[in-house]
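S.K.: Submitted below is the structure of interest, expressed as structure tokens.
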Amino acid sequence: MDFLFNSEQIMLREMVKDFADKEIRPIAKKIDDDQEIPKELFSKLAQAGLFGTAFPEEYGGGGFGEFGFCIQQEEISKVCGSTAATIGAHQSIGANAIYLGGSAELKKKYLPILTSGESIAAFCLTEAEAGSDAFNLKSTAKLIGDKWILNGTKVWVTNGAYADVYSVFARTENGISAFVVEKKFDGVQVGPNEKKLGLKGSATNVITFNDVAIPIENLIGIDGRGFLIAMATLNSGRIGLAACCLGAAKELLEASVSYAKQRKQFNEPLIKFQAVQFMIAEITTKIYSMESMIYRTAKRYDDKKDIVQEASMIKLYCSEAVSEIADKALQIHGGMGFSADLSIERFYRDARVLRIFEGTSEIQKLIISRHAIKKNGKWKF
């Protein structure tokens, strides 16, 4: 894939890789054990400009677009899934909803503080009865005077505890609408961090809104058109999530080859056994497919192409692939792979949720098939 990357993108990769290896890798296990990303790391991420990589420079971003964001997420995911998920929820969906749907004034107000890392963003769509059926929202917002009054509860909010700014979706008289809500607004309540199987350092919370008064200008886009903003935002989120899968997969391959060269059985290193070689071959082939799909789609996204079906395809393929890769990597490592002493066990746990959030594998299949049927089965992109 090197032929696709220009000099600026190569420099971005080298910078992020250096940062991740020096600042995140040494504390990745501690982040998982403590179930928290330290404030010092947030500050370092902000100083490195990693909270605004994709956004235009006019809003304080790096100007690298989705393509550059994928490069960043790939490198960070090689060392810590929790950190990558936190950045993704902030930049790819939380802040991006404002960028994609917000007025010029709303973007000018919020994006600079989000791209700089001064504030962290979260995306509040999912509810107890509105997961895969995202249209079934029960949260409501009523316009009273010059304020929107928001009531409802959101669940599984990534960055819930870390965020200062929320992109919130609620039902109005005209349909589903989107709003920017600040944590400091009266009536916002953040629940405790969820105890999870993986991505433990990523804060996941229930957020309740009780008669929260939102300034009228904090409506994102047009009243009643919020669902379209949510779906457009998730398209971007799925590309970034696929890049996280790719980064984890590459790290697992490198760790597996290294271990198989060192570990001996029957007086031979594991790498000599065909069973191990075949697993490595399968992992390598999936990585090539993942990388090709992701950067092709990211380029089309930056070129303003319709990538709804492609975003679902790469989210489906890459999330399923990284789970298979993590399983094979653990098998190659044997008992040591099952031990928390090695990072394989953490990658294995972190991979499982990737097939669930930002649209389950089953939802992706529905989207893909609907588009294929609409095109009469013809391969058109």
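The values are calculated or read from the model by the stated rules, or taken from the named source; none is laboratory data. Keep in mind the model is a prediction, meaning the values are calculated, not measured. Ideal geometry is used to build each Cβ from the backbone, glycine not excepted, and the neighbour counts take in all protein chains shown.
S.K.: Consider the stretch 286-309. How many of its residues are out of contact with any helix residue (DSSP H, G or I) (no Cβ under 6 Å at 6 or more places or on another chain) and in a loop (DSSP other than H, G, I, E, B)?
M.R.: 4
S.K.: So, of the residues in the stretch 322-353 that are small (G, A, S), surrounded by fewer than 24 Cβ atoms within 10 Å (Cβ to Cβ) and under 21 Å from the mean Cα position of the chain (by Cα), which turns out to be nearest to K261 (Cα to Cα)?
M.R.: Ranking the candidates gives S343 first.
S.K.: Okay, moving on. Criterion first (assigned to a strand (DSSP E or B), β-branched (V, I, T) and more than 27 Å from the chain's Cα centre (by Cα)) does I149 satisfy it? I'd like the intermediate steps shown before the answer.
M.R.: Details: assigned to a strand (DSSP E or B): yes; β-branched (V, I, T): yes; more than 27 Å from the chain's Cα centre (by Cα): yes.
Against the criterion (assigned to a strand (DSSP E or B), β-branched (V, I, T) and more than 27 Å from the chain's Cα centre (by Cα)), I149 qualifies.
S.K.: Evaluate the stretch 360-379: report whether one residue or more is touching a Phe, Trp or Tyr at 6+ places or on another chain (Cβ under 9 Å), modelled with pLDDT of 95 or more and part of a loop (DSSP other than H, G, I, E, B).
M.R.: The answer is no; no qualifying residue exists.
S.K.: Quick check on my filter: what residues within the stretch 175-222 are over 25 Å from the mean Cα position of the chain (by Cα) and either in a strand (DSSP E or B) or surrounded by 17 or more Cβ atoms within 10 Å (Cβ to Cβ) (or both)?
M.R.: G175, N210, D211, V212, A213, I214, P215
S.K.: Among G226, G191, G187, which is the only one that is farther than 19 Å from W156 by Cβ and touching a residue at least 24 places away in the same chain (Cβ under 8 Å)?
M.R.: Being farther than 19 Å from W156 by Cβ and touching a residue at least 24 places away in the same chain (Cβ under 8 Å) holds for just one of G226, G191, G187, which is G187.
S.K.: Given (1) out of contact with any helix residue (DSSP H, G or I) (no Cβ under 7 Å at 6 or more places or on another chain); (2) over 25 Å from S369 (Cβ atoms), where does L253 come up short, assuming only one miss?
M.R.: All conditions pass for L253, except number (1).
S.K.: With at pLDDT 95 or above and buried (at least 20 other Cβ atoms within 10 Å of the Cβ) as the only criterion, which of A128, A141 stands out? Walk me through how you get there before you give the answer.
M.R.: Values: A128 fails: buried (at least 20 other Cβ atoms within 10 Å of the Cβ).
Going through A128, A141 in turn, the sole match is A141.
S.K.: Would you tally the residues in the stretch 210-225 being more than 13 Å from F169 (Cβ to Cβ) and aliphatic (A, V, I, L, M)?
M.R.: The number of residues fulfilling the criteria is 4.
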